[in-house]
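Here, each number is a calculation from the coordinates, and none is a lab measurement. None of the values given here were measured: they were computed from a predicted structure. Counting neighbours? That spans all protein chains shown, and the Cβs are built from the backbone with ideal geometry, glycine included.
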Amino acid sequence: MLDLTGKVAVVVGAASGIGRAIAIGLAAQGAVVDCGDLDTVGVEETVATIVAAGGTAKAATMDVRLSADVDGLLTRVAAERGQLDIAVGTPGINVRKPLIDYTDDEYNAVTDVNLRGGFHVLRGAGRIMAAQGSGSIIVISSISSRAVEPGQVIYAGTKAALAQMVRVFGAELGPLGVRVNAIAPGPVETALTVPIRSSSAWANAYSEKVALRRWAKPAEIAGPAVFLASDAASYVNGEVLYVDGGWVDLDADFADEKAVETDTAATA
Ligand SMILES: NC(=O)c1ccc[n+]([C@@H]2O[C@H](COP(=O)([O-])OP(=O)(O)OC[C@H]3O[C@@H](n4cnc5c(N)ncnc54)[C@H](O)[C@@H]3O)[C@@H](O)[C@H]2O)c1
């Protein structure tokens, strides 16, 4: 069920981290994987890795903030390969600071990549797949869509928006045979989290939040992406799959315990 032989995928944000791992993971299951990213060198490295392992892939330099770039890549791949079965939108950036210190430029930078970029991938792939009558679209949300951490107001807002966008878009495209889902990772060892991992106290504090007591490797997000892309997930639509080692549920359990303690105290 996880075999992707004969499927055509596009992964946007494939030069690094989670996007690169997903591109390699989809290719390992047999998909043709065309890769896009702003980082030309990085995306070519990803493609070289896939090709060296016997896969088929092509690199494109593109900016997820520009609808012409996203639509250009998706339509070109669909035309050249004859179909578009899987589209993955991964780019995300963060500016960590209290909201009251956020500048307009910082707000624009984060929302342009995370939210507008996600919208471009959802809409571009959705149009092609709706006409085709099949396909799987995956975007990357985050535990930040539910977990609360000061300094993350705008980033968390974009990730919560993506989570709700896939639920609603999944309802729009489901009748047309297209599935739309998100993955919400916990802490993953990528370039994005270098600032956190450069402080062992901060990195360990994150590990402590995770039931598995460790960070994820990027490849651990690839398996869930392969699942959502494949026939194994043929009845999974409009879903946000938390791949967080148990962070969000542990947080929720603590919150429940606190609520019980408060109730008991109030009753007592
Ligand atoms: N690393 C984590 O702990 C973590 C946790 C939860 C969610 N996420 C999300 O996972 C996704 C991938 O992040 P990552 O950790 O792999 O980061 P990363 O920095 O390793 O990779 C991000 C990739 O996006 C590309 N990119 C950035 N702006 C772009 C643009 N305008 N157009 C095209 N490509 C662009 C970068 O060049 C890079 O290749 C992001 O959406 C991030 O928010 C990451």
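Quick notes
- Hydrodynamic analysis of the range 8-267 uses the Kirkwood radius over alpha carbon pairs. Inserted into Stokes-Einstein at 25 °C and 0.890 mPa s, it gives a translational diffusion coefficient of 131 µm²/s.
- The phi-based Karplus calculation (6.51 cos²θ - 1.76 cosθ + 1.60; θ = phi - 60°) puts the 3J(HN,Hα) values of the range 193-200 at 9, 4, x, 6, 6, 6, 10, 5 Hz, whole numbers, x for Gly and Pro.
- Near Phe169: Cβ cut-off under 13 Å, other residues only, Lys/Arg at +1 and Asp/Glu at -1. The net charge is +2.
- Long-range HN-HN contacts of Val240 with modeled amide H, under 5 Å: Ala182
- The 3J(HN,Hα) values that the Karplus relation (6.51, -1.76, 1.60; θ = phi - 60°) gives for the range 8-25 are, in residue order, 10, 10, 10, 10, 9, x, 8, 7, 7, x, 5, x, 4, 4, 5, 4, 5, x Hz. Gly and Pro appear as x.
- Antiparallel DSSP beta bridges within the range 26-152, as percent of all bridges there, nearest 5: 0
- On Cα atoms only, tilt of 117-132 relative to the major axis of the chain in degrees: 50
- Close amide H pairs (under 5 Å, H built 1.01 Å from N) link Val188 with Ala216, residues at least 5 positions away or on another chain.
- Highest mean first, the peptides 195-207, 62-74 sorted by other C-beta atoms within 10 Å per residue fall in the order 62-74, 195-207.
- Note: relative contact order over the range 8-267, using C-alpha pairs below 8 Å and six or more positions apart, is 18 percent.
- Rounded to the nearest 0.05, the FRET efficiency derived from the C-beta distance between Leu66 and Ala203 at R0 = 41 Å is 0.75.
- Placing +1 on the Cβ of every Lys and Arg and -1 on the Cβ of every Asp and Glu, with nothing else charged, gives the chain a dipole about its Cα centre of roughly 440 debye.
- Global form of the range 10-97, assessed from the alpha-carbon gyration tensor, a/c cut-off 1.5: oblate
- Pairs of Lys residues in the chain, spaced 8 or more positions apart or belonging to different chains, with C-alpha separations under 22 angstrom: 7 in total.
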